[in-house]
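Following: one structure in structure tokens, then a few remarks.
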Amino acid sequence: MPLVNFDGIVSEIRRLADARTVLTFHSVGDTDSLASAIAMSLLFRNSVVAAPDRLTGNAARILHKLGYGNGLVSYEFDDSAETVVLLDVNNFEGCGSFREKLEGFDGRILVVDHHRPMEDKENMVILSDESYNSASSIAYEILKRFGANVDGRLAKLIAMGILSDSAEFKNATPLSFGQLGELFAAAKTDYITLTTEMGHVSPAEERIKTVTDVMESHAFVNAGLLFMEGECHGYANLAADSAIKIGADVALFHALGKEVSFSARLRPTLDRKYRIHLGRIMRQLAPIISGTGGGHPCAAGAYGNGGDIERFIRSFIDSIIESTKR
């Protein structure tokens with residue numbers, strides 16, 4: 001499992017640029033993972049962007065607003081692929097339905113990620129650099145090294161990928177701001193214009209549901225952390241985001257429909273302080289609701305078709321509390 005630096009991954013990409021390639025990412029692909037995969041597809045002349053399962057609503061919405069066609073993202077693994085590029089994930093467990101395909105894959109696997117390396121397989125070449133705030137940030141630097149043409153539409157997408165993982169700039173670095181300036185210039189836009197264009201303001205009837213969900217949630221303090229947990233009549237991710245914004249340290253909300261969906265959030269920096277990874281927790285607990293889960297250290301989700309919802313909630317809270325005792 002060779003760990004490489006930036007120049008090392010660039011060298012591998014040059015060598016494999018003509019190989020039949022699958023560009024993929026973690027389960028429940030978000031804006032950062034999707035943007036980085038689409039950006040990197042410019043460098044692989046015979047490639048497909050493939051999602052292990054679903055995209056987040058925000059990622060799908062941004063893709064649609066930018067005019068990318070519905071057929072851009074495949075939901076099947078190309079068994080004839082010679083190379084796989086993993087974006088925004090560095091382990092097979094987080095790749096949902098593609099996990100078995102990746103475990104049995106004999107070709108080269110390149111990893112481009114901004115988290116600590118986890119997987120260990122001889123055919124992997126890993127760039128896992130925590131000095132970047134997002135996979136999109138790394139992908140953009142790679143495109144620049146190759147002199148790739150980043151048009152206005154792609155510049156907007158990459159910028160949204162960087163912004164989505166910045167936790168409202170709490171995780172941003174000097175490089176992040178420099179890249180955003182370049183991308184805004186390429187797209188002939190600015191921060192307010194882009195976020196307004198790519199954002200989504202729900203109807204007032206939907207927003208009041210989120211406000212009510214947060215107000216009626218169960219708030220409590222344990223291990224010095226403020227938890228907010230509840231059921232949603234609106235969107236669970238919006239309620240979880242709102243809870244963090246008003247002061248919660250940990251938020252877990254779920255919505256019931258044809259299936260149950262959970263959204264979890266953690267106040268940035270607590271993941272490093274307590275070595276918490278919400279994506280890993282949601283993935284481990286997903287079988288309780290007969291589903292799948294994943295995501296990032298501070299933002300993750302899980303989806304299932306039933307199971308024991310109360311047990312899922314208890315187990316999630318217990319996992320966070322146990323992390324504070326290590």
Listed by first then second residue, the pairs whose first member lies in the stretch 302-321 and is within 19 Å of residue 96 (Cβ to Cβ) and in the same structural domain as residue 263 (by TED's automatic domain parsing), whose partner is crowded, with 18+ Cβ neighbours inside 10 Å and of a type in the set (S, T, N, Q), with beta carbons under 9 Å and at least 6 positions apart or on separate chains, are 302/261; 302/263; 302/292; 303/261; 303/292; 304/261; 304/292
Would you check which residues across the stretch 7-41 are at pLDDT 95 or above, under 17 Å from residue 115 (Cβ atoms) and either in contact with a Pro (Cβ under 9 Å, 6 or more places away or on another chain) or surrounded by fewer than 24 Cβ atoms within 10 Å (Cβ to Cβ) (or both) and list them?
9, 24, 25
Scanning the stretch 219-236 residue by residue, those closer than 27 Å to residue 326 by Cβ and touching a residue at least 60 places away in the same chain (Cβ under 8 Å) turn out to be 222, 223, 224, 225, 227, 229
Looking only at the stretch 80-107, count every residue that is modelled with pLDDT of 95 or more, of a type in the set (Ser, Thr, Tyr) and assigned to a helix (DSSP H, G or I) and tell me the total.
0
With the checklist (1) buried (at least 19 other Cβ atoms within 10 Å of the Cβ); (2) of a type outside the set (Asp, Glu); (3) closer than 19 Å to residue 67 by Cα; (4) under 20 Å from the mean Cα position of the chain (by Cα) in hand, flag the one item residue 200 doesn't pass.
(1)
Residues that are of a type in the set (Asp, Glu) and under 28 Å from residue 248 (Cα atoms): which helices (runs of 4 or more DSSP H) entirely in the stretch 170-229 hold 1 or more of them?
204-215
Restricting the stretch 73-96 to residues that are in contact with a helix residue (DSSP H, G or I) (Cβ under 7 Å, 6 or more places away or on another chain) and without any contact (Cβ under 8 Å) to a residue 60 or more places away in the chain, the residue that is farthest from residue 283 (Cα to Cα):
77
Do you know which residues across the stretch 256-270 are free of Cβ contacts under 8 Å to residues at least 60 places away in the same chain, surrounded by fewer than 20 Cβ atoms within 10 Å (Cβ to Cβ) and not basic (Lys, Arg)?
256, 257, 259, 270
Taking first residues from the stretch 133-149 that are within 15 Å of residue 85 (Cα to Cα) and second residues anywhere that are of a type in the set (Asp, Glu), the pairs with Cβ under 8 Å that are 6 or more apart or on different chains are 135/32; 135/88; 135/113; 135/165; 136/32; 136/165; 138/113; 138/129
Do we have residue 144 as basic (Lys, Arg), surrounded by fewer than 15 Cβ atoms within 10 Å (Cβ to Cβ) and either part of a loop (DSSP other than H, G, I, E, B) or not assigned by TED's automatic domain parsing to the domain that holds residue 41 (or both) here?
no
Of the residues in the stretch 53-79, those that are under 13 Å from the mean Cα position of the chain (by Cα) and either exposed (fewer than 15 other Cβ atoms within 10 Å of the Cβ) or at pLDDT 95 or above (or both) come to 57
Have a look at 248, 239 and point out the one that is part of a loop (DSSP other than H, G, I, E, B), touching a residue at least 12 places away in the same chain (Cβ under 8 Å) and crowded, with 21+ Cβ neighbours inside 10 Å.
248
Identify all residues within the stretch 150-169 that are at pLDDT below 95 and in a loop (DSSP other than H, G, I, E, B); write none if there are none.
165, 166, 167, 168, 169
Which listed residue is in contact (Cβ under 8 Å) with a residue 12 or more places away in the chain and farther than 18 Å from residue 283 by Cα, from 102, 55, 16
16
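The values are calculated or read from the model by the stated rules, or taken from the named source; none is laboratory data. For clarity, every value in this text was computed on a predicted model and none was experimentally measured. Note that each Cβ is placed from the backbone with ideal geometry, even for glycine, and that neighbours are counted across all protein chains shown.
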